[in-house]
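Peer 1: There's a structure below that I have some questions on.
The values are calculated or read from the model by the stated rules, or taken from the named source; none is laboratory data. Quantities reported herein were computed from a predicted structural model and do not represent experimental measurements. Glycine gets a Cβ as well: all are built from the backbone with ideal geometry, and neighbour counts include every protein chain shown.
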Amino acid sequence: MPVTVVGSLDEDVPVTVVGSLNEDVLVTVARLPGRGETVVGRGTSLAPGGKGANQAAAAGRLTGGVAMVGRVGDDPAGERQRAALIEVGVDVGAVRVTAGVPTGTATIPVEEGSGENLIVVVPGANARLEPADVGGDAVRDARVVLLQLEVPPAAVSAAAATARGTVVLTPAPPRQLPPELLDRVDVLVPNEHELVQLAGAPPGERGPAELAALARALGPTTVVTLGARGALLVPGDGPVLLQPPPPVRAVDTTGAGDCFCGALGAALAAGAALPEAVREAVAAAALSTTAPGARGALPDRAAVDALLDRVPGPERVG
């Protein structure tokens with residue numbers, strides 16, 4: 001189905017993100033450990049993170065009027081997460097400080113050379129987000145609302161029900177999605193592993209045509225992020241398109257999917273058709289991998305525009 005962004009909403013709220021805010025503990029390793037294996041890290045650093053906050057920061061770098069809805073603890077980490085969003089122009093007025101609860105954290109080993117990573121999340125204050133937190137104007141009046149699953153399902157469903165604009169859901173970490181939530185989702189954005197789990201299919205490598213068949217079975221228009229292969233646009237009807245990425249030298253892929261979603265939301269809020277929004281999001285995500293950390297290389301509008309000429313055209317699948 002075509003995705004239409006509602007144009008009659010408050011012009012001051014292009015994008016609202018409802019989701020998690022974490023403090024990332026990045027650990028550099030020569031190679032990622034296997035199951036039960038110990039490897040020696042080469043250094044650690046702290047960085048702002050959380051799928052929700054990463055998406056908000058990415059959108060904030062690309063457009064004005066981005067709002068964040070979520071929870072942090074009453075600790076220095078919470079103060080750092082709010083300050084990091086304010087620095088990129090994100091309104092944090094709806095980020096509640098929760099007494100007696102720590103801010104969420106994520107421990108992320110990052111492999112030197114490839115930039116591949118593993119992520120272990122401790123939710124902290126994110127687990128306290130309630131439906132009552134997401135019923136305000138920031139969600140109701142946004143042209144695009146970005147959601148993920150690092151906060152309680154009841155809050156995600158309430159935000160989707162409150163939104164009057166376009167609802168974009170990243171189903172991560174993957175879990176069974178209730179039909180009433182899927183009915184409110186306009187664009188579903190899983191990676192290929194999340195798509196396979198959501199579809200109840202056995203794990204394994206699949207080509208674009210097989211992934212498209214799994215996506216169509218889920219219902220909503222779906223954009224499958226494929227890492228270094230780009231993204232697969234699977235509309236409810238119409239042709240399936242594989243959007244390759246531009247060539248970049250990846251340093252760290254942490255947060256690339258979040259950058260993709262933030263850029264996708266910003267492009268849709270600006271009125272881009274979905275194929276063009278996917279093209280811009282692929283360019284932004286590629287740029288985001290060129291420095292360490294989930295937000296170490298979030299691009300601004302000028303950087304994305306400068307790279308668009310190097311983004312290959314989409315390939316029709318099937």
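Peer 1: Name every residue in region 228-247 that is touching a Ser or Thr at 6+ places or on another chain (Cβ under 7 Å) and either under 21 Å from ALA306 (Cα atoms) or crowded, with 22+ Cβ neighbours inside 10 Å (or both), in order of residue number.
Peer 2: Within region 228-247, ALA231, VAL234 qualify.
Peer 1: Which condition does ALA127 not pass, out of (1) farther than 23 Å from PRO235 by Cα; (2) in contact with a strand residue (DSSP E or B) (Cβ under 7 Å, 6 or more places away or on another chain); (3) modelled with pLDDT of 95 or more, if it passes all the others?
Peer 2: (2)
Every residue, every condition in (1) in contact with a Cys (Cβ under 6 Å, 6 or more places away or on another chain); (2) surrounded by 18 or more Cβ atoms within 10 Å (Cβ to Cβ); (3) under 23 Å from GLY64 (Cα atoms); (4) at pLDDT below 95, yes or no:
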| residue | (1), (2), (3), (4) |
| --- | --- |
| PRO102 | no, no, no, no |
| ALA106 | no, yes, no, yes |
| VAL110 | no, yes, no, yes |
| GLY113 | no, no, no, yes |
| ALA142 | no, yes, yes, no |
| LEU169 | no, yes, yes, no |
| PRO178 | no, no, no, yes |
| VAL185 | no, yes, no, no |
| GLU205 | no, no, no, yes |
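Peer 1: Show the residue pairs meeting these rules: Cβ distance below 7 Å; 6+ apart or different chains; first residue within region 275-296 and closer than 12 Å to CYS259 by Cα and touching a residue at least 60 places away in the same chain (Cβ under 8 Å); second residue assigned to a helix (DSSP H, G or I) and among the charged types (D, E, K, R).
Peer 2: ALA294/ASP258
Peer 1: Can you name every residue in region 45-84 that is surrounded by 24 or more Cβ atoms within 10 Å (Cβ to Cβ) and hydrophobic (A, V, I, L, M, F, W, C)?
Peer 2: Within region 45-84, ALA53, ALA56, ALA57, ALA58, ALA59, LEU62, VAL66, ALA67, MET68, VAL69, VAL72 meet the criteria.
Peer 1: May I pose another question? Taking region 248-262 as the search range and keeping residues that are under 9 Å from the mean Cα position of the chain (by Cα) and in contact (Cβ under 8 Å) with a residue 40 or more places away in the chain, which one is surrounded by the fewest Cβ atoms within 10 Å (Cβ to Cβ)?
Peer 2: Of everything passing the filter in region 248-262, GLY257 is surrounded by the fewest Cβ atoms within 10 Å (Cβ to Cβ).
Peer 1: Can you find, within region 18-44, the residue that is surrounded by the most Cβ atoms within 10 Å (Cβ to Cβ) among those that are without any contact (Cβ under 8 Å) to a residue 60 or more places away in the chain and under 30 Å from ALA83 (Cβ atoms)?
Peer 2: The extreme case among them is THR44.
Peer 1: Report yes if ARG140 is charged (D, E, K, R) and either touching a residue at least 40 places away in the same chain (Cβ under 8 Å) or within 25 Å of GLU280 (Cα to Cα) (or both), otherwise no.
Peer 2: Answer is no for this residue.
Peer 1: Could you tell me which of the residues LEU242, LEU188 is within 30 Å of LEU32 (Cα to Cα), without any contact (Cβ under 8 Å) to a residue 40 or more places away in the chain and touching a helix residue (DSSP H, G or I) at 6+ places or on another chain (Cβ under 7 Å)?
Peer 2: LEU188
Peer 1: Please identify the pairs in which a residue from region 59-78 that is under 14 Å from ARG295 (Cβ atoms) has its Cβ atom under 7 Å from the Cβ atom of a residue that is assigned to a strand (DSSP E or B) and of a type in the set (Gly, Ala, Ser), counting only partners at least 6 apart or on another chain.
Peer 2: Taking only residues 6 or more apart or on different chains, the pairs are MET68/ALA94.
Peer 1: Out of region 276-318, which residues are part of a loop (DSSP other than H, G, I, E, B) and acidic (Asp, Glu)?
Peer 2: The one that is part of a loop (DSSP other than H, G, I, E, B) and acidic (Asp, Glu): ASP300.
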